[in-house]
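Report on one structure; see the data block that follows.
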Amino acid sequence: MEFTCLSEGRGFYFPPCHILDICGFRVLLDCPMDLSSLTMFMPVPTDSFTMCNGEITSRSCQRSMDLDSNENKRRKINKPFDESSLIRAEPRYKIIKNLLLWDVSSIDVVLISSPMGILGLPFLTCNKDFSAKVYATEAAARFGQLMMEDLVTMHKEFRQVYGSEGSVSPQWMKWEELELLPSELKEIALGKDGSELAGWMSLYSAADVKDCMQKIQSLKYAEEVFYNGTLIIKAFASGLEIGTCNWSIICPKGSIAYLSSSVLTSATAMCFDYTSLQRNDVIIYADFTPCHASNKSSDDNNGPSTADPNLSVGNVDWEAIADDYQEMEKLDFICSCSMDSIKAGGSVLIPVGRIGMVLQLLERIALCLESQNLTFPIFIVSSVAEELMAYTNVIPEWLNKQRQDRLYSGQQLFNHLKLLNDKRLQLFPAIHSLKLLTNWKEPCIVFCPHWSLRLGPVVHLLRRWCRDENSILVMEEGVDSNLALLPFRPMKMKVLQCSFLSGMELQFSQHLLKTLQPRHVLFPEKLRQHVDLPKNLFSSSYYSEDETLNVPNLEENSELDIAVDLALQLHYTTLKQENIRVARLKGELALEQGKYRLLLRNDQVVSSQVRSAVHLGRIELDVLLTELRKNGLNITVEEIMSADGLHKTSLVHVLEPQKATIEITKAQTLICTANNDLACQISEVVSSLLDCI
Amino acid sequence: MAIECLVLGAGQEVGKSCVVVTINDKKIMFDCGMHMGYSDNRRYPDFSLISKSGDFNNSLTCIVVTHFHLDHIGALPYFTEVCGYNGPIYMTYPTKALAPLMLEDNRKVVDRRGEEEQFSSEQILECMKKVTAVDLKQTVQVDKDLQIRAYYAGHVLGAAMFYARVGDAAIVYTGDYNMTPDRHLGAAQIDRLQLDLVITESTYATTYRDSKYAREREFLKTVHKCVAGGGKVLIPTFALGRAQELCMLLDDYWEQMNLKVPIYFSAGLTLQANMYYKMLINWTSQKVKHTYATRNAFDFKHVCSFDRSLINAPGPCVLFATPGMISGGFSLEVFKQWAPYESNLITLPGYCVAGTIGHKLMSAKTPVRINIDKDTQIDVRCQIHQLSFSPHTDAKGILDLVKFLSPKNVILVHGEKPKIAKLKEKVQSELGIQCFDPANNETVSIPFTTHYEKVGASDALLRSTLSPNLKFLRKCSEQGSDFSDLDARTKPGLQVFDDRMAEGILMVQRNQKTKALHQDELMAMLGVESHEIKFANCCPVDIANSDTRNAFLSQPTVDKSFWLHLLFEKLSSKFPETSIQDCGEHLQIESFYVSVCTKEMCPHRTASLQCMPETVYFCCTWTIADEKLAWEIISVIKNLLLKEE
C-alpha cells in the first residue's frame, strides 16, 4: 500500500487531496480546487466601477500611499500594489497541479468527503480517459452540485464582459506578463517554485457538471459498497458540514480509515461518528486545521477575537468539549453586530459559503430581529437559493439529533420555510432579477455568494455599500482580507472577520487516535512537532506534500475463508521436517463482499482427475540402494558425470527380477522398465524417501 | 447450530406481527404488533415465551420494527413501558416520526370505546425516545457480531425490509412490502444477498393482480360522477398512508380536469401528517421525490381543512375523514348525515375488520338499513365504492422476491392459513426452496452449516489464481465420421475452457495461523526442491507379419506419422473420455508422451537396446501422476496391430 499527499489544502474551502494505492487499486481522496486564488483577478466590472483603467489607476495610486504599512517591500516592484495590479481577464481556476502528473485513466476510485472536495471533479470527468467510480454521500453530492452550478452561473458574468477567450491561453499567462506581476500575485499565479502555472484551468460548463454528477454513485452514511468485490467502502459522518464524511476502506489485507477534517458536535450536521472508525489497521489523519488556524490576526474593526478561541479542551472527558458552545457565542456576536448596523441604517452582507453556517445565522438573525420587533427583510441572492432552502428541509437523515427531534415533534427542520411563508425571508436568483428589483428594500440582511469577493452578487452589493460606514461585511478568516478587499478600497464599511470551527484541535486528535486503536497512523509532517503520538499504542509515519509513503503494517496475508465441505476433504500429510502438516488445496477461488473464499467446485468437467503428488526433497543414493535391496532387487550402480563435470547422474541397473534402469539426478528420478509391477515397486520405494503432497 | 424462529404473531393469520429470531445467541425481535380484532389478552403477542422470568433486556439483543402500521408496532409501548424492555430498538426515520401519531390515534379510539388503557400518551413518547432511527442501506452494527440493514419496501412511507447477519448466518425479514410502485411510493428494492432464511409476508398469497392504473381510473371516475351530480363524497381513511395516496390522485385529477369542487381534510391530524410527508419526501418514489424543489408533491393545491359546520352545507365536496373503517369518530358522524341520500358516495378501504360499519357496508346492497348501535338505525341509500388497490405485493411479487433472494429457507407469515398453505406448496415446488408456515407460538428451527475456516492466504497464491488457465479440448469423436450432419455444427472441433482453479498448499504448524501458500513458496520456505518421478518405456511393436504394413509397404512414405496416426485413432476409440492431443511429432495424453523412436540405441529400451528390424518403437514417458493410465496405453500400443473383434 502506498500513500501520496497531492495537496495539504488550505482550510475549509480547499480540503486536502491524496492518492492511495491499495490492493492493486488507485483511490483518489477528494478533488477540490483552490478558489481563494480567484482574488488575483479583478471582480466583474459594473457600471459604477467602470473599466476605464486610467482613471482608476490614478485614483488608486494616490490612495495606496496612505494605505499600506509594508510599503517598502512593494517599492521593489516599480508599480505600487493596488487595485490596478489585479488581473483584468476572465478568471481561470486553479486545480491541484500534482494531480496533473498522474494518469487519469489509472484512477479506479474517487472518494469525495465534502461538497468542497467535489468542485474540481468535472475537470477530471470531462477527460475521456476517466473511468473511475466516484463515491460521495447523497447530501455532499447534492450540495456540491449546487455549488458547481452556482459557480458556473456566476462565472457567466465574466464571459459577458470579456467575451469567450477561446482555446488560446490568455494574455496574463504569458511569461512576460507574469514577470511583471507584483510578488503577492506572482506567488498565487505560479506558486512558490513557479510550478503551479499548469494548474490554471478555464471553468467547466454546466454540461460538464451534469456529466460529472452522472458519474457519482451517492451513498448513505454507513452504507456498504463493494468496489470490484475487493474493497468494502463506507462513509461515516464527520460532523464538519451536512453530508461530509470520513471513509473506511476494507480490503482482504486489512482496513484503512481516512480521517478528514472532523467536528465533534455540529449545530446542523450529523455528529462525528468516530466509533465506527475504531479498530482499523491504519488511519490516515488528514485534518490540517491547526496549520491554518495559526493565522489569528484579524484586521476587523471589532472582531470576534473577544470570543476566546482557547477556552476549551481540558484533557479529561473530551466527549464534553463544548466547541459547540463557542460557535454559538460567535454566532451571537455576529448577530449583535448585525443588529447594531441595521439599527443604524446600514445593511448586513454575509458572503459565507458554509451551508450549515448560513442556515444557523439565518435562524438566529431572524430570531434577533423578532425579539427586537424589527422588520428588516432578509434576502438570499443566489441562483440556487430556492433549491437549497427546499433541499435542506427534506434531509432529516443528515442532520444532528436536535434537528431530527424537530422532525419527531412535527416541526420544520429549519425555520426558513416559515420565514419564507411570512415573507420575512426572500430568495432571488440573481442581482438583476425582476423579483429583486421590485422587492428590494434597504437596510437589509443579505446572504449571497461568493466568499472570494470576486464572483456573484457579493461584488455588486459590496460596491454599493463599501463606502457606507454603517453597513457591515461578515467575512471568514482564512481569506487574505487585504487582497480580497483590495478592489473595494477605501472600505468605510465595517468588516467582521471570524473563524468558524473547521476541524479538530490537536489535543483532541491525540485522544481520538488513542480511542480508535489503530495499528499505524499516517500523520502530517507539518503537525508533527505539535503532537506527541503514543509510540506504545501504534506506530506512525509522517507525510508531506508530494511525497509517496509506503504504508507498512497491513497484514502480510489476505484472509481466506475455506468452505467447510472443502476443508473436510483435505488430505493432510506430515512433512519429514519441522513437524509441519500440509495438505494440497484445490478449489474455486471467489471474491465475495471483500472476502476471498475457496469453494468446492461442483463441475469437475475439465479437471476430472485429482492431480496428485508433488514430491519434495532429494534422493540419497545410499539410502535408495539399501531400500531397493531390501525389496529383493538385484542391482548394480554406475555413475556418469556430465560433460562439464558439474552434474552427476546415477544409473541403477536392476537385473532381477526384471530388467530396469533407474536414472537419478538432483531433480528427477526416471524409471525405465517394461514391467508394470516392477515400475510400481520402484516408484514406491523412491516416493517413500521423499515428501509427497 | 441452528437459526430458531419463534413466531409470536401473524402466524397463519394477519395481525400482531412478531417474530423472534435467534442466531448464535443473538435474539432479534422483528416487529411488535397488536391484533386489531381482539381486545383481550390475545391482542398482544405472548411475550412470556421469550423469557419466563420477564427479563427481556438480557434475553433480547434488539427489536426491529419494519413500519408504522399498528399490527407491526402497536404492542411496542406496552412491551417497553409495561413489560420493561430497555434494549435497543431500530426503525427507519419515517417510522419513528409517524409511529407516535398512529399509536396515539389508536389509544384515543380505545379510550373512547371505554376500554382499559394499556399505555398512556407519555408512555408512547417515552417508548419512542428509546428508538434509534436508521436510514436505508445504512449498515448498523448493533454489537460486535450483529449487523442489521434496512431496504426499501414500498407499502407505506418508511416501510423497510430488514437484513440481519451474525457471522456467516444471514436472514431477511420483509415486513409488508409492495413490488410495484404506487402513486407516491416506489417498489421494494433489495440487494442480492446470501441468505439462510427469508421471512416474508403473504397477505395476498393467492391473488394475482392486473395493473393498478385501471382501478385508479375507476375510482376517479366514480368520484367525479358523484360531485358532478352535486353529491358529497366521504372517504374514510386512516390518517397516514392511504389518505396521502388518494389525495395525490385527486389533487392531480382536479388539476387536470380543472375542477373547483372543494376537497376537505377532516381533522388536524391528517394535515399535520402531510407536513411529515413533506419533510420525508426523499422516502417516496423517484418521481415524487424530485418535486421537492419546485412544488412539494404533498403541498396539495385543492385541499383545505374541514369545519364541522360544513357537514350540511349545500353543494358537492370530497371529504377525507378518520377513522378508516367507520368504527367511530368523525367518519361515523359524517356517515350518519350523508348516507341517506342517493346522490352521495362512500368509498371503503379494501379491508375492514369484522364488527365495524365498514365491514357491514362491504357485504350490503343499497338501499339497506344498518344498525349503528342498539338505538340507532340508518337507511343507507348512497352509493358505495370499494377501493381495490392495496399496498401489498401479490403472489407473483412474493415469488419474484423469494426467487431473487434465493434463500436456503422461507418462512411465510402475515397471511390467512389456507392461502399460506397454497403458497408454501408453490415455493417448494416451483422454486425448490424449503418453506415453513408456522402457527402462532410455534418455533421453526433451521439447521445452519455454512461455515468457513479462516486461514491466511499468501499474495503469490492469490496472484497465481488470477491468470487464466486455458485448456483446449479437441473433440476427436467426429474425426472419422461424416462431417455433414448437424452434430458437427453444434459441437465445435475445439473447445476452450478457462479452468481457473486455485491450487495451493495448506500448511498447518503448531502455534501458528494456518496458511495457504503457493507450492513454490512452501519449497522456498522449507529449503527443498521438487523431485520428479518419471517413467520411460520404449515399447517395441513387431510389424513383420502385419497386414497393415504389407498394404502400405509399397509406398515409401510409410513413416513415423503413419504409425502415430494409427495409434491416435486407436487410442481415441479406446479412451473416448480422454483428451488426446496430436502434436505431429508426438501424442500427448495428460503427462503421457509417445513418439515413434528411430534411435539406434534408446536408453529406455529394456528388452534389447539394439534396434530390431521389422519393429516400430513407441518411446513413452510419463510422470507418476498418470501411472495407471500409462500402462493402459502401453497395452494398447502392444496390441496395436491386433484386429478388433
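Key figures for this structure:
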item	result
When residues of the range A:330-350 are limited to those that are within 30 Å of the chain's Cα centre (by Cα) and at pLDDT below 95, the one surrounded by the most Cβ atoms within 10 Å (Cβ to Cβ)	A:Leu331
Selected residue [surrounded by 11 or more Cβ atoms within 10 Å (Cβ to Cβ), away from chain B (no Cβ under 12 Å) and modelled with pLDDT under 85] from A:His615, A:His647	A:His647
Matching residues in the range A:577-596 - criterion: being more than 7 Å from chain B (Cβ to nearest Cβ) and surrounded by 18 or more Cβ atoms within 10 Å (Cβ to Cβ)	A:Gly594, A:Lys595
Every residue from the range B:217-227 that is of a type in the set (A, V, I, L, M, F, W, C) and in contact (Cβ under 8 Å) with a residue 40 or more places away in the chain	B:Phe219, B:Val223, B:Cys226, B:Val227
Residues being surrounded by 18 or more Cβ atoms within 10 Å (Cβ to Cβ) and in a strand (DSSP E or B) - total across the range A:662-686	8
Residue among A:Leu624, A:Leu568, A:Leu549, A:Leu560 that is more than 8 Å from chain B (Cβ to nearest Cβ), in contact with a Phe, Trp or Tyr (Cβ under 9 Å, 6 or more places away or on another chain) and either at pLDDT 85 or above or loosely packed, with under 13 Cβ neighbours inside 10 Å (or both)	A:Leu549
Count - residues of the range B:1-11 that are buried (at least 21 other Cβ atoms within 10 Å of the Cβ) and either part of a loop (DSSP other than H, G, I, E, B) or at pLDDT 95 or above (or both)	6
Every residue from the range B:498-534 that is under 42 Å from the mean Cα position of the chain (by Cα), facing chain A (nearest Cβ under 7 Å) and of a type in the set (Lys, Arg)	B:Lys515
Of all residues in the range A:485-502 being under 27 Å from the mean Cα position of the chain (by Cα) and either small (Gly, Ala, Ser) or in a helix (DSSP H, G or I) (or both), the one that is surrounded by the most Cβ atoms within 10 Å (Cβ to Cβ)	A:Ser502
The range A:218-244: number of residues that are part of a loop (DSSP other than H, G, I, E, B) and of a type in the set (Asp, Glu)	2
A:Trp451 being closer than 24 Å to A:Ala267 by Cβ and buried (at least 23 other Cβ atoms within 10 Å of the Cβ)	yes
Some residue of the range A:372-383 being assigned to a loop (DSSP other than H, G, I, E, B), within 14 Å of another protein chain (Cβ to nearest Cβ) and touching a Pro at 6+ places or on another chain (Cβ under 8 Å)	yes
Among (1) surrounded by fewer than 15 Cβ atoms within 10 Å (Cβ to Cβ); (2) within 14 Å of chain A (Cβ to nearest Cβ); (3) modelled with pLDDT of 80 or more; (4) farther than 30 Å from A:Ser688 by Cβ, the one test that B:Pro540 misses	(1)
Any hit, the range B:467-482, residues being modelled with pLDDT under 70, under 41 Å from the mean Cα position of the chain (by Cα) and more than 11 Å from chain A (Cβ to nearest Cβ)	no
Selected residue [in a loop (DSSP other than H, G, I, E, B), at pLDDT below 85 and more than 11 Å from chain A (Cβ to nearest Cβ)] from B:Leu240, B:Leu259	B:Leu240
Some residue of the range B:105-124 being within 14 Å of another protein chain (Cβ to nearest Cβ), under 23 Å from A:Arg403 (Cβ atoms) and either free of Cβ contacts under 8 Å to residues at least 24 places away in the same chain or not aliphatic (A, V, I, L, M) (or both)	no
Filtered residue count, the range B:133-147, keeping only those that are within 11 Å of another protein chain (Cβ to nearest Cβ) and either buried (at least 20 other Cβ atoms within 10 Å of the Cβ) or in contact with a strand residue (DSSP E or B) (Cβ under 7 Å, 6 or more places away or on another chain) (or both)	10
Failed criterion for B:Lys360 (all others in (1) buried (at least 20 other Cβ atoms within 10 Å of the Cβ); (2) part of a helix (DSSP H, G or I) hold)	(1)
Answer from A:Val459, A:Val446 - the residue that is more than 28 Å from the chain's Cα centre (by Cα) and in a helix (DSSP H, G or I)	A:Val459
Some residue of the range B:420-443 being modelled with pLDDT under 95, assigned to a strand (DSSP E or B) and among the β-branched types (Val, Ile, Thr)	no
Any hit, the range B:49-68, residues being out of contact with any Asp or Glu (no Cβ under 9 Å at 6 or more places or on another chain), modelled with pLDDT under 90 and not small (Gly, Ala, Ser)	yes
Any hit, the range A:551-568, residues being in contact (Cβ under 8 Å) with a residue 24 or more places away in the chain and on the phi > 0 side of the Ramachandran plot	yes
Scan of the range B:196-215 for residues that are surrounded by fewer than 19 Cβ atoms within 10 Å (Cβ to Cβ) and in contact (Cβ under 8 Å) with a residue 60 or more places away in the chain, ordered by number	B:Thr206, B:Thr207, B:Tyr208, B:Arg209, B:Lys212, B:Arg215
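For every residue, the table says whether it meets (1) under 20 Å from B:Val156 (Cα atoms); (2) among the charged types (D, E, K, R); (3) part of a helix (DSSP H, G or I).
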residue	(1), (2), (3)
B:Met29	no, no, no
B:Met36	yes, no, no
B:Ser48	no, no, yes
B:Ser53	no, no, no
B:Thr66	yes, no, no
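Residues checked against (1) free of Cβ contacts under 8 Å to residues at least 40 places away in the same chain; (2) surrounded by fewer than 23 Cβ atoms within 10 Å (Cβ to Cβ); (3) out of contact with any Pro (no Cβ under 8 Å at 6 or more places or on another chain); (4) not in a strand (DSSP E or B):
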| residue | (1), (2), (3), (4) |
| --- | --- |
| A:Asn246 | no, no, yes, no |
| A:Ile249 | no, no, yes, no |
| A:Ala257 | no, no, no, no |
| A:Ser261 | no, no, no, yes |
| A:Leu264 | no, yes, yes, yes |
| A:Ala267 | no, yes, yes, yes |
| A:Cys271 | no, yes, yes, yes |
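The values are calculated or read from the model by the stated rules, or taken from the named source; none is laboratory data. None of these values were measured; they are calculated from a predicted model. Glycine also receives a Cβ, built like all others from the backbone with ideal geometry; neighbour counts cover every protein chain displayed.
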